[in-house]
Amino acid sequence: MYQEEVIINNLRKIYLNYGFDVYRVPKYCDYHMYFDNDSFINEHEVIKIIHPSGKILALQPDITISCAHDYLSNRLSGNKFFYIGNVYHRSLKVNQDISKIKQVGIEIFDLDDLNTDIEVLLLALQSLDLVSDSYRLDLSEVNFINGLLEEYHLSSKTLAKVNYLISRRNTSELEFLLKEEQLNKDQINELITLVKLYGPIEEVLAKAQTFIKNEAMQDSLDYLQELYKILNEIYPNTKVALDFTLRNSKDYYSGLIFQGFIKNINQPVISGGRYHKLDHLLKAVGYCFNLELVIKTLSKPPLNRQTIVLYGDNYLEAYNYAKHLRANENVLLVKEDMIKQYNLNQFNKIIKKGEY
Amino acid sequence: MYLNIALAKGRIQEQSYAILKDVGYECLELEKGSRKLILENKEKKLRYFLVKPSDVAIYVETGAADLGIVGKDILLEDGNDVFEMLDLGFGKCYFAVAGPSGFDISKQNVIRVATKYPNLALSYLSQYDVDIIKLNGSIELAPLINMADVILDIVETGNTLRDNDLVVINKYDDISARLIVNKASYRFKYKQINKLIDDIKEVL
């Protein structure tokens, strides 16, 4: 078995173990349904197909939206789902080729409480543990920074710029912009200090206390504290960090937000959080695990090695011998004169004709 | 654990390295002017890559380098997904559309723009119908030989424009050298990177 399948199997086991139902990923979705939602995928990346009926479809661009849509249309029962499927994007770089990205993820609908968020993080941590020893799970709660920004009374245009600069940790330009907006020195320093804060969650939580300006910020920090207290009790882990710069440009996430990083992989392998805006009806939390990135970076997959049994004229004899071996190992039956076609290094052992 | 740093060859290389050397990130191999593309300080676990300026952000974005020093022009053009952690304040210039004096861009059916920055040209001139001619150097030549009407380029002193009888028609974003960091590397090496940034601020 290849590493990819081993990972998928193990992830599936975890999610089933926690009572999640499988969501079967449709290959298309309705293009307009997709764009009526606040998606965070660039419109140009979506691959459009014109169905013979004249309808415009999109080759599955975002499983979360499909799943939420099916849930809202009462096509699913229960409210905890996991999926294993492909999404398709047009690359905006150089060749504009279509890329297929294999994703595994979970979605939980209509459960809006701390324990649900903890369960999601717990599953994210277990998923990361499956594939790597050196990873970080960075989390934040978007209302902490939002609460601070509210105090600044910025226009929505400036706010969008500020959010972008925060997400790039671009304190130089942030300082310049806030000066232009006539904010005072203390206000500018506050935000910049928060942007620079990064580290183990306990450490950052303690430091963040001094920045609380209003109820929203207090609630946000209380939530993070409680969340971490319980999470750390049920799944002690030193790899959780707090990072207030986790933002999303389109206001997609509304509470908890998190990203998982694996050493030497340059993009987040897990992205998730709590979102309430989708279809304006739904409270949901979930994440998606970018399996494609992990597979590309893991060392070459070790084959679950096979035994070769060679045969000449007597296929039946070889078959019966192999059948007996197959109880415990994987056996490939090969006709003697075909052996040259195989790379013998890949096999455990070779059993020749006279040896059985 | 090595720290990999991508430096842009050319215009900002000397200043970039001078700052890093000032904060203890020296590399003798690099000072010797070797032709090697990978230069190391084994004792301090530093590795420098000398790359084309327009490639620095790609090395950092893909994680081949943990950090790099690059002009803001490249970041604006390519929109790389990196942390842009410090404005180093040197290599200052600005984007401008320039052309022969008296050329009125609002009166053209189609404007032919020669540039190294096709994405920015389309975005800066989005209200016009433009025809982009992508060049890799000697941009100023294009309007002189009527290959293009105007150019979009970075302007430092304006000397090259003057020498070629071109004038600035519109000014756009200001540019300077930036220290950029790979988003995943930051998570694993943030202590070292934060210290480096604080040290650099001291010497700027």
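The values are calculated or read from the model by the stated rules, or taken from the named source; none is laboratory data. Remember, it's a predicted structure, so these values are computed and weren't measured experimentally. Neighbour counts run over all protein chains shown; Cβ positions are idealised from the backbone, glycine included.
General observations
- Scanning segment A:227-244 for residues that are part of a helix (DSSP H, G or I) and either touching a helix residue (DSSP H, G or I) at 6+ places or on another chain (Cβ under 6 Å) or crowded, with 16+ Cβ neighbours inside 10 Å (or both) yields A:LEU227, A:TYR228, A:ILE230, A:LEU231.
- Scanning segment A:118-174 for residues that are surrounded by 18 or more Cβ atoms within 10 Å (Cβ to Cβ) and of a type in the set (Asp, Glu) turns up A:GLU119, A:ASP138, A:GLU141.
A quick yes/no check of all residues on (1) within 14 Å of another protein chain (Cβ to nearest Cβ); (2) at positive phi; (3) free of Cβ contacts under 8 Å to residues at least 40 places away in the same chain:
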{"position": "B:GLU61", "(1), (2), (3)": "yes, no, no"}
{"position": "B:GLY68", "(1), (2), (3)": "yes, no, no"}
{"position": "B:ASP73", "(1), (2), (3)": "no, no, no"}
{"position": "B:ASP104", "(1), (2), (3)": "no, no, yes"}
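- Members of segment B:155-204 that are farther than 15 Å from B:TYR25 by Cα, in contact with a strand residue (DSSP E or B) (Cβ under 7 Å, 6 or more places away or on another chain) and β-branched (Val, Ile, Thr): B:VAL155, B:VAL167, B:VAL168, B:ILE169, B:ILE175, B:ILE180, B:VAL181
- Index of the failed condition, A:LYS157 passing every other in (1) assigned to a strand (DSSP E or B); (2) away from every other protein chain (no Cβ under 13 Å): (1)
- Only one of A:TYR164, A:TYR135 that is in contact with a helix residue (DSSP H, G or I) (Cβ under 8 Å, 6 or more places away or on another chain) and within 13 Å of chain B (Cβ to nearest Cβ): A:TYR135
- Residue in segment B:19-32 that is touching a Lys or Arg at 6+ places or on another chain (Cβ under 6 Å), surrounded by 15 or more Cβ atoms within 10 Å (Cβ to Cβ) and modelled with pLDDT of 90 or more present: no
- Total residues in segment B:3-12 satisfying the condition of being at pLDDT 90 or above and either more than 23 Å from B:GLY63 (Cβ to Cβ) or of a type in the set (S, T, N, Q) (or both): the figure is 1.
- Being at pLDDT 95 or above, more than 14 Å from chain A (Cβ to nearest Cβ) and buried (at least 22 other Cβ atoms within 10 Å of the Cβ) holds for only one residue in B:ALA57, B:ALA121, and it is B:ALA121.
Yes/no matrix, rows are residues, columns are (1) among the β-branched types (Val, Ile, Thr); (2) without any contact (Cβ under 8 Å) to a residue 40 or more places away in the chain; (3) within 12 Å of A:ASP138 (Cα to Cα):
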| residue | (1), (2), (3) |
| --- | --- |
| A:PHE211 | no, no, no |
| A:ASP219 | no, no, no |
| A:GLU226 | no, no, no |
| A:LYS229 | no, yes, no |
| A:THR238 | yes, yes, yes |
| A:ALA241 | no, no, yes |
| A:THR245 | yes, no, yes |
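- Any hit, segment A:264-281, residues being modelled with pLDDT under 90, within 14 Å of chain B (Cβ to nearest Cβ) and either surrounded by 21 or more Cβ atoms within 10 Å (Cβ to Cβ) or in a strand (DSSP E or B) (or both): no
- Which listed residue is within 14 Å of the chain's Cα centre (by Cα) and within 14 Å of another protein chain (Cβ to nearest Cβ), from A:LEU121, A:LEU128: A:LEU128
- Across segment A:167-209, the number of residues qualifying as assigned to a helix (DSSP H, G or I), within 11 Å of another protein chain (Cβ to nearest Cβ) and under 24 Å from the mean Cα position of the chain (by Cα) comes to 2.
- Of all residues in segment B:75-95 being farther than 11 Å from B:ILE180 by Cβ and buried (at least 21 other Cβ atoms within 10 Å of the Cβ), the one that is nearest to the other protein chains (Cβ to nearest Cβ): B:GLY91
- Pair list, Cβ < 7 Å and 6+ apart or interchain, from segment A:64-89 residues that are part of a loop (DSSP other than H, G, I, E, B) to residues that are surrounded by fewer than 19 Cβ atoms within 10 Å (Cβ to Cβ): A:LEU76/A:ASP70; A:GLY78/A:ASP21; A:ASN79/A:ASP110; A:ASN79/A:LEU111
- Residues of segment B:50-67 that turn out to be under 17 Å from B:TYR17 (Cα atoms) and in a loop (DSSP other than H, G, I, E, B), as a count: 3
- Within segment A:210-260, restricting attention to residues that are within 14 Å of chain B (Cβ to nearest Cβ) and hydrophobic (A, V, I, L, M, F, W, C), the residue that is nearest to the chain's Cα centre (by Cα) is A:PHE258.
- Set side by side, the residues B:LYS116, B:LYS44 differ, and just one is more than 28 Å from B:ASP163 (Cα to Cα) and either away from every other protein chain (no Cβ under 14 Å) or surrounded by 19 or more Cβ atoms within 10 Å (Cβ to Cβ) (or both), which is B:LYS44.
- The criterion of at least 1 residues that are buried (at least 20 other Cβ atoms within 10 Å of the Cβ) and away from chain A (no Cβ under 14 Å) is met by the following helices (runs of 4 or more DSSP H) wholly inside segment B:141-204: B:141-144.
- Of the criteria (1) touching a strand residue (DSSP E or B) at 6+ places or on another chain (Cβ under 7 Å); (2) surrounded by 12 or more Cβ atoms within 10 Å (Cβ to Cβ); (3) not hydroxyl-bearing (Ser, Thr, Tyr), which one A:LEU72 fails: (1)
- Among the criteria (1) closer than 22 Å to B:ASP173 by Cα; (2) without any contact (Cβ under 8 Å) to a residue 60 or more places away in the chain, the one B:LEU88 does not fulfil is (2).
- The listed residue being part of a loop (DSSP other than H, G, I, E, B) and under 17 Å from A:TYR253 (Cα atoms), out of A:ASP112, A:ASP117: A:ASP112
- Count - residues of segment A:315-345 that are polar (S, T, N, Q) and surrounded by fewer than 11 Cβ atoms within 10 Å (Cβ to Cβ): 4
- Entry remark, segment A:122-148: residues being more than 22 Å from B:SER185 (Cα to Cα) and outside any helix (DSSP H, G or I) number 1 in total.
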